[in-house]
Each structure stands twice: as C-alpha cells, then as structure tokens.
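Worksheet for the structure shown next.
All of the numbers you see were taken from the coordinates with simple rules; none came from a lab. Small disclaimer: the values here were computed from a predicted structure and weren't measured. Heads up, the Cβs are rebuilt from the backbone with ideal geometry, glycines too, and the neighbour counts pull from every protein chain shown.
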Ligand SMILES: Nc1ncnc2c1ncn2[C@@H]1O[C@H](COP(=O)(O)OP(=O)(O)O)[C@@H](O)[C@H]1O
Ligand SMILES: [Mg+2]
C-alpha cells in the first residue's frame with residue numbers, strides 16, 4: 001500500500017495543526033504541512049524551536065496535545081504501529097544500546113520489524129556496506145567513535161527500506177568529512193523515499209534538501225525551496241563591484257543615477273589595497289548587471305571584481321527567526 | 001497474537017543478551033549465591049538443626065530479594081530513559097505492553113537461573129539426611145513467584161524515573177511494606193487503628209502470608225493467584241506509565 005501511495009505521488013506525511021504543550025508553553029504550535037514522494041525536507045530552526053518534538057510526535061513517541069499526523073495514510077495516534085512500520089527514525093544523538101554490537105543491534109531491529117531472516121541478512125549486508133561499518137560490526141557500541149555510532153544509527157533506521165525517513169540532526173557532532181559522507185548517503189536515498197531531516201546548519205539544507213521549513217518557537221515561519229529562502233535575503237540579486245583608482249563618492253553617485261539602482265552601499269575595504277567596494281541594490285525585478293557593466297565601460301572604471309550576490313542564508317535565517325521574538 | 005508473541009520474544013532476547021554482556025549479571029549471581037549460603041549455613045544454623053531441610057534457606061529469601069531484586073530491576077526502564085534508547089525501542093513497531101512484558105520475563109528468567117544455581121544446597125541437605133523433597137519443590141515455586149512480585153514492583157517503579165538510585169530506593173520501600181504487612185507487630189498496630197475488614201486486607205497483601213504457606217509445602221491456589229495478579233497489576237501499571245510518559 002505504501003508503494004502505491006508512492007507511485008500515485010500521494011502525500012506520505014500529512015500534518016494537521018500539530019500542537020504540543022509542555023506545562024503551559026507550546027513547544028510545537030499548530031504546525032501544518034504535507035510531504036510528497038521525492039521530497040527531501042529540511043527542518044530548520046534555532047535550538048529549542050520544536051524540531052525534535054515535532055519528529056517525536058510523527059514517530060509515535062510523543063502524543064500530540066492536539067492536531068494529528070498521518071504517515072503513509074495511517075493516523076499516528078490511532079495506529080502507531082502501522083505508522084511506525086513505514087518509518088525509519090534516527091532520534092537526536094542516535095541513542096543505541098551501549099552493550100550491544102552493531103551486528104546484534106541490527107539483528108534486533110530486523111526482528112523487531114519482523115523481517116524475514118533471508119531478507120534481513122541481505123538488507124543488513126547492503127546497509128552495512130552503504131554506511132561503511134563493516135570494520136566495527138563485532139565491536140561494542142560504547143567503544144565506537146561518534147561518527148561510527150551515527151552511522152550505526154542510520155543503518156538501523158534504513159534497514160527495512162522505509163518509505164519515510166525521519167532524521168533528527170543526522171550530522172550533528174560529526175567532523176566535516178563525516179558530514180559530507182552522511183549528506184551523500186541521504187542524497188543517494190532521496191529518489192525513492194520521503195526524507196525529513198532537522199538541522200541548524202543552513203548549508204546542509206542547500207546541499208541535500210528540495211524544500212525547507214523554518215520553525216521558531218514552535219511555529220512555521222517559512223516553507224519553500226532553499227532557493228526561495230535565499231531569495232529572501234536583502235543582498236540577493238545585488239551587484240558587488242570593486243573598483244581601483246576611483247573615488248567612492250563619485251562612483252556611488254554614478255550608480256545611483258541608474259534607473260535600475262535603488263541604493264548603493266559603500267562597503268568597508270582593506271585600507272592598504274586602495275579598492276573601492278560597492279554594493280548596488282536593484283529597485284525592482286529588472287536585471288542590474290547589464291546597466292552596471294555599461295556604466296563601468298562608459299566611465300572607464302578599472303573593475304577588479306563584479307558579481308551578482310546570491311544572498312546570505314544566515315541573514316535570512318536570523319531575520320526570520322528573530323522576527324517572532326520582536327513581535328511578542 | 002503471534003505477532004505480539006514474536007515482539008515480546010524479540011525484546012526478551014535482547015534483554016537477556018544484555019544481562020550477560022555486562023558484569024551486572026555475574027556480580028548479581030555471585031552476591032546472591034554467597035549471601036544465600038551465608039544466611040542459610042551460618043545465620044540460619046542449618047548444621048545445628050535436628051532435621052535436614054531448607055527452611056532457613058527459604059525463610060531468608062524475602063529479605064535477600066528485598067535488597068537484591070530492586071538492584072536488578074532499577075535499570076530496566078531508568079537506564080532506557082537515561083541513555084535515550086527508550087526512543088529507539090518505542091518507535092520500533094513494538095507496543096509498550098510487549099516491551100514491558102519482554103523485559104520482565106527476561107529479568108524473571110535471570111532470577112530463575114540464580115535460583116537454580118542454589119540447587120547445591122538442596123543436594124547438600126539431601127546428602128545430610130532425608131529432607132521432604134516435595135516441600136522443597138513447593139518452596140522453590142513460592143520463591144520464584146516471590147521474586148516475580150518483587151521484580152514487577154521494581155520494573156514499574158523504574159519506569160517512573162531516569163535515576164536508578166531513586167528507582168532502587170522506591171522499590172526497596174514498597175517491597176518492605178509488602179513484607180512488613182504480614183508481621184504480627186504490624187498487624188496488631190493495624191488492628192488498633194483500622195476497621196477489621198481492612199486488617200484482613202493488610203494481611204492479605206503480605207508477601208510473607210502467601211509465601212510461608214508454600215514454604216510449608218502447601219500449594220494453595222489463592223497464594224499463586226495472589227502473586228500472579230500482583231505481577232499483572234504492576235506490569236499493567238508499568239505499561240501505563242511508559243505509554244503516558246515516554247519522553248520525560
Ligand atoms: N519532555 C519535555 N518536557 C518539557 N519541555 C520540553 C520537553 N521536551 C522539549 N521541551 C521543550 O520544548 C521546546 C522544544 O524542544 P525541541 O523540540 O527539543 O527543540 P529543537 O529540537 O528544535 O532544538 C524546548 O523549549 C524544550 O525545552
Ligand atoms: Mg532537537
């Protein structure tokens with residue numbers, strides 16, 4: 001049935017007004033979204049935003065205060081077991097039984113998921129190779145490095161080839177090489193699954209996700225593609241220009257004279273370099289690059305650098321997540 | 001139904017593996033066997049007795065279990081909470097009830113193994129003189145049921161906290177109440193302050209009342225039912241606790 005939903009591109013995760021109140025404070029506040037096959041959803045937010053709490057409700061670990069979630073068509077609160085069968089879950093920090101070995105842990109998980117013995121053995125070989133833990137299969141888990149533990153947790157999550165993969169901070173605490181490996185792994189599984197991963201690393205969202213949701217204080221503040229997220233940056237589409245042997249005032253006055261330019265910012269430069277660094281912001285949607293290159297040619301400027309800014313994700317993230325605080 | 005059985009067995013097997021993967025099991029076994037021996041032969045004065053039987057051995061079991069079983073049971077859920085593995089366990093397609101039962105049965109079997117290792121004492125009294133083997137057999141059965149009751153209490157209270165020491169202290173205290181309620185001093189006190197039907201109830205809740213019958217060689221269905229229902233009640237409470245507060 002899960003396969004069929006997948007083929008029909010039916011939503012694999014449907015969240016309706018999901019809310020969790022601890023004591024009196026909502027940790028997750030009326031969160032609503034759906035995820036369809038092929039999507040890799042990056043769940044972004046500052047610490048304490050409610051990412052883990054949302055994931056715990058999706059996986060049937062925590063009951064919601066109100067609202068609900070359907071995984072592969074199964075209401076989580078009504079039939080948690082059916083929902084859990086569709087899900088592979090890596091909890092935050094990848095908790096594993098310390099006194100087990102990866103081999104015995106994977107065997108336990110395969111049995112807990114009622115996998116047939118031959119199938120379990122074949123899948124174990126596959127995922128062990130995929131995450132690269134062959135060398136530590138017989139070692140106690142409490143003696144493994146953080147990177148290996150995370151990979152064992154991932155192997156346990158994907159062992160039954162789940163339709164829905166939920167990963168809570170899968171790269172947290174890993175070194176840059178390990179981070180890249182885990183991202184590669186996630187990308188390689190993206191075609192045939194729905195993946196939701198939480199992170200507070202913005203580059204990660206661009207590197208692996210097709211969609212980003214930002215939550216803060218339990219509320220969804222942004223839902224769109226990583227490119228749309230970047231486009232929200234104030235510097236997105238602005239043109240950066242570095243000139244040699246020109247006065248900053250004169251250059252910015254000339255740029256301001258262009259109809260397409262709304263304002264010009266003079267950026268601090270290196271005093272030894274004698275370069276003027278400018279950033280021109282567009283007035284509307286009209287392209288900026290063409291008029292600015294024409295102007296530079298007319299004025300005979302010595303252009304050392306010219307680029308269209310992509311915008312800063314950090315800035316957007318800060319702006320979006322601090323707005324709510326200001327409103328209160 | 002068979003799936004529930006499969007899941008319970010799956011948790012049971014993992015738990016049992018866990019006992020023997022750590023020194024906890026061996027330490028428990030050694031301490032239990034030494035203490036059982038010391039109590040029986042020195043404090044119980046088995047040598048000085050005229051008749052060869054294991055009465056001293058069995059009469060010390062409630063007190064041994066009172067201290068040792070909470071030590072064994074305190075980790076059952078508190079450790080899962082502490083290390084976060086409870087999230088791994090309960091997001092697998094296994095129900096809380098199956099997890100509770102699997103863990104309990106593994107612990108019970110483990111105590112059963114410890115008990116089986118005391119068979120040396122049985123052999124010794126058999127060699128010293130002709131004991132009543134029927135009485136010894138019913139005593140072992142009673143001891144196993146008593147252990148199950150202590151374990152169910154310990155498992156349930158271990159689910160309340162992530163702190164093993166708290167779980168340990170709670171289980172000893174509750175276990176102590178269940179033992180004490182059979183003592184004459186307590187019953188006299190109860191008679192003084194409680195209406196009569198409640199005095200009976202207090203006495204009925206006593207582990208000793210039900211245990212002593214079996215140690216005398218009498219298997220009364222009521223005693224067996226008492227222990228089994230007590231186990232059932234505490235395991236049910238354990239399940240409710242786990243189900244309602246998984247994440248704290
Ligand atoms: N079991 C709990 N009891 C009380 N408060 C909690 C509990 N779990 C999380 N919280 C609170 O809920 C908020 C969201 O937490 P969490 O979902 O872990 O955030 P994130 O994963 O985005 O960092 C935090 O303020 C946290 O303190
Ligand atoms: Mg978190």
To the nearest whole number, what is the average tally of beta carbon atoms from other chains within 10 Å of the beta carbons of peptide A:104-112?
-> 5
Whole-angstrom gap from segment B:166-184 to segment B:214-236, using each part's C-alpha centre | 17 Å
What ranking do B:89-97, B:14-22 get when scored by the average of other Cβ atoms within 10 Å per residue, highest first?
-> B:89-97, B:14-22
Averaged across the residues of B:79-89, what count of C-beta atoms belonging to other chains lies within 10 Å of each residue's C-beta?
-> 5
Consider a paramagnetic label point 7 Å from the Cα of residue A:200 along Cα→Cβ; state which residues of segment A:21-48 have an amide N under 13 Å from it.
-> A:44-48
Counted neighbours (other Cβ, 10 Å), sorted fewest up, put B:218, B:240 in the order B:218, B:240
Rounded to 5, percent antiparallel among DSSP beta bridges of chain A | 65 percent
If A:220, A:239 are placed from fewest to most neighbouring beta carbons inside 10 Å, the sequence is A:220, A:239
Take the alpha carbon atoms of segment B:5-25, find their center, do the same for segment A:83-98, and report the distance between the two centers in whole angstrom.
-> 19 Å
Rounded to the nearest 0.05, what FRET efficiency do residue B:63 and residue B:198 have when you use their Cβ-Cβ distance and R0 = 35 Å?
-> 0.85
Nearest 10 degrees, 0 to 90: what angle lies between the long axis of helix A:176-189 and the longest principal axis of chain A (Cα atoms)?
-> 70 degrees
Relative contact order (percent, whole number), chain B, Cα cutoff 8 Å, 6+ residue spacing | 27 percent
Fewest first, what order do A:270, A:125, A:161 take by the number of other Cβ atoms within 10 Å?
-> A:270, A:125, A:161
Out of all DSSP beta bridges with both ends in the protein assembly as shown, state the antiparallel percent to the nearest 5.
-> 65 percent
If a/c stays under 1.5 just call it rounded; otherwise compare a/b with b/c (prolate if a/b is bigger, oblate if not). Do that for segment B:55-104, with a ≥ b ≥ c from the square roots of the Cα gyration tensor eigenvalues.
-> oblate
Given the peptides A:199-206, A:303-310, A:289-296, arrange them by the average over their residues of other C-beta atoms within 10 Å, most packed first.
-> A:199-206, A:289-296, A:303-310
If each part is reduced to its alpha-carbon centroid, segment A:210-236 and segment A:106-126 end up apart, in Å, by 39 Å
What nm value, rounded to one decimal, do you get for the distance between residue A:81 and residue A:267 when each label is placed 7 Å out toward the C-beta?
-> 6.0 nm
Classify segment A:147-214: rounded, prolate or oblate, from the alpha-carbon gyration tensor (a ≥ b ≥ c, eigenvalue square roots; a/c under 1.5 rounded; otherwise prolate if a/b is larger than b/c)?
-> oblate
For B:8-21, mean number of other protein chain Cβ atoms within 10 Å | 3
For chain A, averaging the sequence separation of alpha carbon pairs under 8 Å that lie six or more residues apart and dividing by its residue count, the contact order in percent is 18 percent
Per-residue ellipticity at 222 nm for chain B, helices alone: DSSP H runs ≥ 4 residues times -39500 (n - 2.57), over residue total, nearest 500 deg cm²/dmol?
-> -26000 deg cm²/dmol
Taking 7 Å along the Cα-to-C-beta vector as the label spot, tell me the residue B:123-residue A:47 distance in nanometres, rounded to one decimal.
-> 6.0 nm
